[in-house]
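The next block holds one structure in the form of structure tokens; read it before the comments.
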Amino acid sequence: MNYAKEDLKEGLRRLTNGKGVDIIFDPVGGSYAEAALRSIAWEGRFLVIGFRRRRHSEDAAQSRAPEGCDIRGVFWGAWARLNAEKNRANLKSS
């Protein structure tokens, strides 16, 4: 979907037949973080990747987070360093 032309929350709900998104990968944050979070499924995960613009996603998550979802900060560099073999396997399968 083109979220610049269609409401992100409504578009994601439509694409998932009203269920909501299971996993949201947010590497940027900003104005779309809240709409994405509002489209999350029950027990879905909102992954804040990196922390460059963390504050935007964090604000949306803390002030308006729906119940029944998991919000996680993911520092990819640390994960890749601590799980070097898994990281290589992921890159190899891409």
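One table, with the values for the structure above:
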{"read-out": "Cβ-based net charge around Asp22, under 10 Å, with every Lys or Arg adding one and every Asp or Glu removing one", "value": "+1"}
{"read-out": "Straight-distance crosslink candidates among lysines, where the alpha carbon sits under 27 Å from Lys5 and sequence neighbours closer than 8 are dropped", "value": "Lys19"}
{"read-out": "Tyr3-Asn87 pseudo-label distance in nm [points 7 Å out on the Cα-to-Cβ vector]", "value": "2.6 nm"}
{"read-out": "Amide H partners (placed H, <5 Å) of Cys69, local residues excluded", "value": "Glu43"}
{"read-out": "Relative packing of peptides 12-22, 75-85, 37-47 - highest average C-beta neighbours within 10 Å first", "value": "37-47, 12-22, 75-85"}
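Each reported figure results from applying straightforward, stated rules to the coordinates on display, with no laboratory input. Keep in mind the model is a prediction, meaning the values are calculated, not measured. Please note: Cβ atoms are built from the backbone with ideal geometry, for glycine as well, and neighbour counts cover all protein chains shown.
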